[in-house]
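The structure under discussion appears below in the form of structure tokens.
None of the figures in this text is laboratory data; all of them are computed from the coordinates on show. Remember, it's a predicted structure, so these values are computed and weren't measured experimentally. As a convention, Cβ positions derive from the backbone with ideal geometry for all residues, glycine included, and neighbour counts pool all protein chains shown.
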Amino acid sequence: MLNKVLIANRGEIAVRIMRACKELGIQTVAVYSDADKNALFVKYADEKYNIGPGPASQSYLKKEAIIDVALKTGTQGIHPGYGFMAENADFAEMCHKNGIEFIGPPVSAMRLMCSKIDSKKSMIQAGVHVVPGVTEAISDHERAKDIACEIGFPVMLKASAGGGGIGIRKVDDEKEMEKALASVRQLAKNSFGDDSVFIEKFIDDPRHIEYQIIGDKKGHIIHCYERECSVQRRHQKLIEETPSCALTPDLREEIGKQAVLAAKTAGYYNAGTCEFMFKDGKYFFLEMNTRLQVEHPITEAITGVDLAREQLRVASGLDLEYGQSDIKPRGHSIECRINAEDPLNNFMPAPSKIVRYAEPSGPGIRVDTGVYQGFTIPPFYDSMIAKLIIWAEDRPRAIARTKRALWEFQIGGVRHNIPFHEIVMDDPQWIKGNYNTSFIPRYKILDRVVEYVKAKKTQSSSPKVAAAMAAVQAVNASFISSQKKK
């Protein structure tokens, strides 16, 4: 077993990994920026080292600085979390060259999967169902028009090296192609240093379903079933749940086998996620994320598998603790991403000081966070405050528990998106499980959130109402505090 691990990340995911390390008796090393000197993950680590100013380009993205700390501290392994270095094959290779275990997949699998074009070619050869399209980089708009006409408009232009919703654009007809292709290629070059762009058929209003996979270095690979991630804004996930309402038992098993096949085709080990689009009973492989996902806790909730623990064990050369037949999902789980953003300002990030913070508690409730009361959220990184993870025996009870937990969650001094989650949990279509990636615009969720926030603001402006609300919040915070002490 590794005895010391450096976490090359920050926030809630750094805390999550450190907790898994502590349970395994592994010492932890934090690297942090000036902006994070008082962060929770820094306080939690056994050792901590400043690696630069607030901007990620001057700290968390400095490969050499991170490797230097690892060598200085005698670190045996580096866990990249998600984001930053998590899917950077060059960084993984640097780790190996310096005798440090990269706690993730092999470099060869990362290089294959970081190119959507190359990975699509491999998946087709292996018999994995992929989205209709081409497996060549397109630079000429006339060639792009011909391909799009053959596939059938609308189509998607996608950066081969893209990710996180960056470098994709829908094209509805031939007239848009020249300008759209130039735009996506330039964005891809600026964002990823690679202007390779390819074309896929645009699938209108699909559901976004992903499968958690994990494998060891001896070739044993299993899946831990699916997560539905269709509630998205600007191609970024906001709410995830498992199991998906859309899959039959037969389809669930069939797609799981496709995910394992994709991982084996890539020569994969450690944790990863195979992403699929699903519509009208048909599914298509999109890509593999070669890292632990933000939404991994809901898989842990229904399977009982500690994914971070398994990552550390696999990196230490140990076999998986589970076979496929051991994974028996139970109940239903929902994750809400609680972000610091302003509903009255187009949901823009709103970093600020947290002056009040009280988490919900009770059966089936887990909160992963990297903040605390008095902490100032830096403006340099993503705006996540916490992840609210709910488990219950079935979906209706999971929704009811989520609503109660959102009501208990107290965050002051920072504008946040809890009202968004409250609106979704009460939406009839969500409750029916009748949703897809167009759910937010189709049912005008953001407009409804704005009206909801305005109404609450108006109510709270009344002295009597404000006093009553303050009293309720004080009682609620006191109750939560008393429960934590028990």
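Out of the chymotrypsin sites (Phe, Trp or Tyr not before Pro) in region 188-292, which ones are loop residues according to DSSP with at most 13 other C-beta atoms within 10 Å?
Details: sites: PHE192, PHE198, PHE202, TYR211, TYR225, TYR268, TYR269, PHE276, PHE278, TYR283, PHE284, PHE285; in loops: PHE202, TYR268, TYR269.
Sparse-neighbourhood loop chymotrypsin sites (Phe, Trp or Tyr not before Pro): none present.
Can you spot the lysines whose alpha carbon is less than 30 Å from LYS4's alpha carbon? Ignore those fewer than 8 places along the same chain. The qualifying lysines are LYS22, LYS37, LYS43, LYS48, LYS62, LYS63, LYS72, LYS97, LYS217, LYS218, LYS264, LYS387. For region 199-235, the set of trypsin sites (Lys or Arg not before Pro) satisfying both a DSSP loop assignment and a count of at most 13 other C-beta atoms within 10 Å is given as LYS218, ARG234. Ranked by the mean number of other Cβ atoms within 10 Å of their residues, highest first, the peptides 351-358, 39-46 fall in the order 39-46, 351-358.
Using helices alone, what [θ] at 222 nm do you get for the chain, with -39,500 (n - 2.57) per DSSP H run of 4 or more residues, divided over all residues and rounded to the nearest 500? Spell out each step's value before the answer.
Details: 17 runs with 193 residues, N = 486.
Helices in the chain give a 222 nm mean residue ellipticity of -12000 deg cm²/dmol.
In this rough spin-label picture, where each label sits 7 Å from Cα along the Cβ direction, the LYS189-ASP173 distance is 2.9 nm. Applying the criteria of a DSSP loop state and at most 15 other Cβ atoms within 10 Å to the GluC sites (Glu not before Pro) of region 361-428 yields GLU393.
Here the peptides 97-105, 54-62 are ranked by packing, the mean other Cβ count within 10 Å, and the order with the highest first is 97-105, 54-62. Projecting the Cα positions of CYS114, PHE198, HIS332 onto the charge dipole of the chain (unit charges on Cβ atoms of Lys, Arg, Asp and Glu, taken about the Cα centre) puts HIS332 furthest along the positive direction. About the centre of its Cα atoms, region 125-218 shows a dipole size close to 400 debye [charges on the beta carbon of Lys, Arg (+1) and Asp, Glu (-1) only; nearest 20 debye]. Here the label points at ASP319 and ASP68, each 7 Å from Cα along the C-beta direction, are separated by 4.3 nm in the simple model. Straight-distance candidates among the lysines for linking to LYS145, with alpha-carbon spacing under 27 Å and chain neighbours fewer than 8 residues away dropped: LYS116, LYS120, LYS121, LYS158, LYS170, LYS175, LYS179, LYS189, LYS201, LYS279, LYS282. Lys/Arg Cβ at +1, Asp/Glu Cβ at -1, dipole of region 4-103 taken about the Cα centre: which of ALA20, TYR44, PRO55 is farthest positive-ward? Of the options given, the answer is TYR44.
With equal scatterers on the alpha carbons only and no solvent term, can you work out the Debye log10 of I(q)/I(0) for the chain at 0.11 1/Å? Ignoring solvent entirely, the Cα scatterers give -0.97.
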